[in-house]
Amino acid sequence: MTTTTPFSRTRPPAPAPGAPAPALGSLGLFTVLLGAALPLVDFFIVNVALPSIGRDLGADASLLELVVAGYGLAYAVLLVLGGRLGDLFGRRRLLLAGLAAFGVTSLLCGLAPSAWSLVAARVAQGATAALLLPQVLATLHSSTTGARRARAIGLYGATTGLAFVTGQILGGLLVAADVAGLGWRAVFLVNAPAVLLVLPLALRTVPETRAAAPAPLDVRGTVLLALALVSLLAPLTEGRAAGWPLWTWGALAAFPLLAAAFWRTERRTELRGGTPLVPPSLLRLTPLRRGLVLVLPLSGGFGGFILVIAVALQQGLELGPVASGAALAPMALAFFAASLAGPRLVARWGTRVVPAGALLQAAGLGMMAWTAWSSWPDATPWTLAPGMAVAGLGQGLQLPVLFRVVLAEVPADRAGVGSGVMVTTQQSALALGVATLGSLFLTLAATVPLGEALATTLLVQLALALCTALYALRLPRTTA
């Protein structure tokens, strides 16, 4: 008899041709979104705990950078592979396995006796997050249709934005509360009860889906993609802290060569009738290609903003980690409200919601830039709140809609690889945004007043938002 446990070697049966897709109920939707929030929150939750980790484990700045970068690198590099494994072996099965492994590696992080053991555990945790997260979008895409799919993806977009902000707030609360004397370890150990809640719910409420015609893994493509992403993200995440040594420039120079080799390999594999890790034919889908182009500046700007505003609030206004995280609440609430309203707005106005959202985001960034320029260091979270709310509203009108656009024409049996490409683009953009906007802000802050550095960085992000608004006019007018 075929089993459905996440660790079984047998595969669940593929759906019969023409059979209706299994439906995802409301409780199942809640479950997969809660599962998605865990790795997203963990991307930022550790930031506010770094000073405590450094003191407790005797870690210098470069090791603390690795605590953050190790997770992000493993996460980004393995996302497409995680999506492909879900297509092959069953998305619920991989979701369950990823959740269990994420819980175990979170415990290893929380119990780490040394800085290097924490780095190793964070790398493993990032790898399990890459196994888990693509299954969420793939499950939403393959087990919902029509208005339910629009609502589900809108809620996923809301979860994404809220998770990044929640990570800052929750991390500050846990470190400040010093729960049971655990200090920074609580930011990792809190995942264990969350996983114990989600696992039994997922077993009961999430339907199993997978590709109808499983294909073998593309080992060569997987290795080349991993090398290309590492050559790009490793120097960008570690370069500034390390002083941009020679290896960072060598890695960046190798990136276009490795990316070209990956693309040639994938094209050759598909032309020969094989199944590449990222099928070039998938990227020929116009909605997917144009949607991914827009995800880059949007997610990159968001990642850079979270870092820059946290540093500005804590070092410039001398707010604590809890207060600085709470200052992001207007953005989070506006993002959530816009994400919920998105499906109704798209039904009426189509994808023109995206450029409208980009213009709103630009207006909010302009408001914050003016506040920073004109009133720093007398600015407060209250004077920044209107700009944050408007910017969050604009972002919430863009990201969930772009998720729908990217996946609109992806066949259900390729939902895993489509989701993996989507999330890899988003994750890589976050890292690029942190590296570029973060480096710009920190470089300016060393030579000009902090308010001017913040205003200038926000104006650069504003320019990106305006470019997004223009390019978004090329999106198909309607989406599934």
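The values are calculated or read from the model by the stated rules, or taken from the named source; none is laboratory data. Only a predicted model underlies this, so the values are computations on that prediction, with no experimental measurement involved. Neighbour counts are summed over all protein chains in view; Cβ atoms, including those assigned to glycine, are modelled from backbone coordinates with ideal geometry. These area figures cover heavy atoms from the full protein model, side chains too; ligands, DNA and RNA do not enter into them. Shrake-Rupley method; radii C 1.70, N 1.55, O 1.52, S 1.80 Å.
Within segment 335-379, the residues that satisfy the criterion of being open to solvent by 60 Å² or more (accessible area, probe 1.4 Å) and not hydrophobic (A, V, I, L, M, F, W, C) are R344, R348, R352, S374, P377, D378.
Looking across segment 438-457, the residues that are open to solvent by 10 Å² or more (accessible area, probe 1.4 Å) and under 22 Å from M367 (Cα atoms) come down to L440, L442, L444, A445, V448, P449, L450, E452, T456.
More than 21 Å from the chain's Cα centre (by Cα), closer than 30 Å to S52 by Cα, open to solvent by 50 Å² or more (accessible area, probe 1.4 Å) and free of Cβ contacts under 8 Å to residues at least 12 places away in the same chain - does that describe any residue in segment 315-334? Yes; the residues of segment 315-334 include at least one that is more than 21 Å from the chain's Cα centre (by Cα), closer than 30 Å to S52 by Cα, open to solvent by 50 Å² or more (accessible area, probe 1.4 Å) and free of Cβ contacts under 8 Å to residues at least 12 places away in the same chain.
Whether any residue in segment 75-90 is open to solvent by less than 20 Å² (accessible area, probe 1.4 Å), in contact with a Gly (Cβ under 6 Å, 6 or more places away or on another chain) and farther than 26 Å from G303 by Cβ is what I want to check. Yes, because at least one residue in segment 75-90 is open to solvent by less than 20 Å² (accessible area, probe 1.4 Å), in contact with a Gly (Cβ under 6 Å, 6 or more places away or on another chain) and farther than 26 Å from G303 by Cβ. Looking at A211, A163, just one residue is surrounded by 17 or more Cβ atoms within 10 Å (Cβ to Cβ), small (G, A, S) and not in a helix (DSSP H, G or I), and that residue is A211. Kindly provide the set of residues from segment 214-228 that are modelled with pLDDT of 80 or more and open to solvent by less than 20 Å² (accessible area, probe 1.4 Å), ordered by number. Passing the criteria: G221, A228.
For segment 114-136, a residue qualifies if it is polar (S, T, N, Q) and within 17 Å of S419 (Cβ to Cβ), and the qualifying residues are T128, Q135. Could you say whether any residue in segment 291-313 is open to solvent by 40 Å² or more (accessible area, probe 1.4 Å), free of Cβ contacts under 8 Å to residues at least 60 places away in the same chain and out of contact with any Phe, Trp or Tyr (no Cβ under 7 Å at 6 or more places or on another chain)? No, every residue in segment 291-313 fails to be open to solvent by 40 Å² or more (accessible area, probe 1.4 Å), free of Cβ contacts under 8 Å to residues at least 60 places away in the same chain and out of contact with any Phe, Trp or Tyr (no Cβ under 7 Å at 6 or more places or on another chain). Report whether or not L133 is within 24 Å of A76 (Cβ to Cβ), open to solvent by less than 10 Å² (accessible area, probe 1.4 Å), at pLDDT 85 or above and not small (G, A, S). So L133 fits the description; yes. A count restricted to segment 309-324 and to residues that are touching a Leu at 6+ places or on another chain (Cβ under 8 Å) and over 19 Å from D378 (Cβ atoms) stands at 1.
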